[in-house]
Amino acid sequence: MNFAFTFRSVWPRYYIHHASITTSTLSPTRSKTTLFAKRTIATKTHEKPAAHAFYDDKIVTYANRPIRPVTLSQLVRFGQPPLTKESLRDCAQYARTELPVRLARRVRAFQTLPFIVGTNPYIKEIYKLYYESFESLEPYSHGRSPNDDLEYSEKLEDLVDRHADNIPTLARGFLECKQYMHSQDVAAFLDDMIHARIGIRLIAEQMIALVRQEQTGDTNNNSYIGIIDTQLNPAKLVKQCSDFVAELCEFNYGASPETIIDGHTDATFTYIPVHLEYILTELLKNAQRATIEFARKRGDDSPPLPPIQITISHGQEDISIRIRDQGGGVAEDDLNQVFEYSYTTVSKASEDEDPSSIFTGMAEMAMQSGIGGPLAGLGFGLPLARMYARYFGGSFTLVSMNGYGCDVFLKLKHIDQSMAELEI
């Protein structure tokens, strides 16, 4: 039996420096021992074999523990003014014990991917990021002193910052690996990953915000309970997101359409601003890009471009936001695909080209990038926006008038007593 061949079929090749070793070159009593001894030291210089062992007992132990969901009312109660040391300690204790479990589960999810997918540089980067985040936070789950809350909060800030670009990075990875996984399997993995990611970020960001409030002494006189804004004005946030996307359009296209905001512009409700900001930014990217490109396609891109109209309605239990553009709409055949991952209306290279050539895809994404991240083309914007809208019981509906434009309807529930028992 050729041990070298068997070993390569199980372990990545970079673990073996002497691939030609066989039983014919080893003594009968030392062949297997010598070969496996080499594996423990013959690694790439830039790898971390000890820290990134594929099957880590600690990871498995934590991943097998049950998730302890926190309800929205509990999350609010952690920061209910006036903020006390006891409530902050409760929030910290929950985050310390829960986040390592959720991070370990994400690591295990990556380990279930097909080997060739897991070795993709983009996907491997995110896998290592989750592994390192688990290693960083796990020591704090062992009954450390409450005085470490500030230090732990700084660790969480680092986690949030380092994971900020997870989604576009994963998008690039799965675009390159689409021929190695069924689209349904990719969708199931991403749905689970993104839903878990939202929960992890909510728990971490609530802890960060509460520690920050305690440090600044601002615990009574504002509308925030941690990251939850009890007086969020949608019109103001729409204006901020619109201005940001307009800058992206000016940078990429040299022009941007006007945004008109009407309806109940003075309305306020209780919500998490970062969620709504993400949804609005993705939808406005789509609307403004489509408006500009459709106008150019018709040869009518001279100013003024058709405006984006955003109407806000304040209902008894929800806020409704309609975003209306004149970007040509979505073809009837494409309507069923717009919420699929990696589907995009941005023009792509010929499908006849070699799918293994990553250079074409990289060039496309470089052309579609702007200040602050991709403007369009990765195909994750709409499915993610819908997932964020639905996370707190809202809805997301797209209506297309092919050849004219699209209306997108957002319904967002007030985060109050009616949503108190929603689990995160």
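Tabulated data
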| quantity | calculated |
| --- | --- |
| Residue list for region 214-229, filter: within 17 Å of Pro273 (Cα to Cα), more than 21 Å from the chain's Cα centre (by Cα), open to solvent by less than 50 Å² (accessible area, probe 1.4 Å) and not charged (D, E, K, R) | Ser223, Ile225 |
| Condition broken by Asn166, with the remaining ones in (1) closer than 21 Å to Met387 by Cα; (2) among the polar types (S, T, N, Q); (3) over 21 Å from the mean Cα position of the chain (by Cα) satisfied | (3) |
| Qualifying positions in region 32-82 - of a type outside the set (Val, Ile, Thr), at pLDDT below 50 and not in a loop (DSSP other than H, G, I, E, B) | Lys32, Leu35, Phe36, Ala37, Lys38, Arg39 |
| Residue match in region 238-258 (condition: over 30 Å from Tyr94 (Cα atoms) and among the β-branched types (Val, Ile, Thr)) | yes |
| Qualifying residue in region 129-142 (condition: touching a Leu at 6+ places or on another chain (Cβ under 9 Å), open to solvent by less than 20 Å² (accessible area, probe 1.4 Å) and over 20 Å from Tyr62 (Cβ atoms)) | no |
| Neighbours by Cβ (under 7 Å, 6+ apart or cross-chain): first from region 205-217, over 10 Å from Ile227 (Cβ atoms); second exposed (fewer than 14 other Cβ atoms within 10 Å of the Cβ) | Val211/Leu150 |
| Leu202 being in contact (Cβ under 8 Å) with a residue 24 or more places away in the chain and either open to solvent by less than 20 Å² (accessible area, probe 1.4 Å) or of a type in the set (Val, Ile, Thr) (or both) | yes |
| Residue in region 184-193 that is charged (D, E, K, R), open to solvent by 10 Å² or more (accessible area, probe 1.4 Å) and either in contact with a Phe, Trp or Tyr (Cβ under 8 Å, 6 or more places away or on another chain) or more than 25 Å from Ile116 (Cβ to Cβ) (or both) present | no |
| Meets criteria (modelled with pLDDT of 95 or more, under 20 Å from Ile208 (Cβ atoms), assigned to a helix (DSSP H, G or I) and not β-branched (Val, Ile, Thr)) for Ser133 | yes |
| Candidate set: region 83-121, residues that are out of contact with any Gly (no Cβ under 8 Å at 6 or more places or on another chain), touching a residue at least 40 places away in the same chain (Cβ under 8 Å) and not in a helix (DSSP H, G or I); chosen: the one surrounded by the fewest Cβ atoms within 10 Å (Cβ to Cβ) | Pro114 |
| Subset of region 230-252 that is in a strand (DSSP E or B) and surrounded by 14 or more Cβ atoms within 10 Å (Cβ to Cβ) - its residue that is farthest from the chain's Cα centre (by Cα) | Thr230 |
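To keep it simple, each residue is scored yes or no on (1) modelled with pLDDT of 95 or more; (2) of a type in the set (Asp, Glu).
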| position | (1), (2) |
| --- | --- |
| Thr219 | no, no |
| Phe251 | no, no |
| Ile260 | yes, no |
| Thr270 | no, no |
| Glu293 | no, yes |
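Residues are listed down the side, and each one gets a yes or a no for (1) of a type in the set (Ser, Thr, Tyr); (2) surrounded by fewer than 23 Cβ atoms within 10 Å (Cβ to Cβ); (3) without any contact (Cβ under 8 Å) to a residue 60 or more places away in the chain; (4) in contact with a helix residue (DSSP H, G or I) (Cβ under 7 Å, 6 or more places away or on another chain):
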residue: Pro273; (1), (2), (3), (4): no, yes, yes, yes
residue: Leu276; (1), (2), (3), (4): no, no, no, yes
residue: Ile279; (1), (2), (3), (4): no, no, no, yes
residue: Glu282; (1), (2), (3), (4): no, yes, no, yes
residue: Gln288; (1), (2), (3), (4): no, no, yes, yes
residue: Ile292; (1), (2), (3), (4): no, yes, yes, yes
residue: Lys297; (1), (2), (3), (4): no, yes, yes, no
residue: Pro303; (1), (2), (3), (4): no, yes, yes, no
residue: Ile310; (1), (2), (3), (4): no, no, no, yes
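The values are calculated or read from the model by the stated rules, or taken from the named source; none is laboratory data. If you're wondering where the values come from, they're calculated on a predicted model, not measured in any experiment. When we count neighbours, we look across all protein chains shown, and the Cβ atoms used for this are built from the backbone with ideal geometry, even at glycine. Note: areas computed on protein heavy atoms with side chains; ligands, DNA, RNA excluded. Shrake-Rupley method; radii C 1.70, N 1.55, O 1.52, S 1.80 Å.
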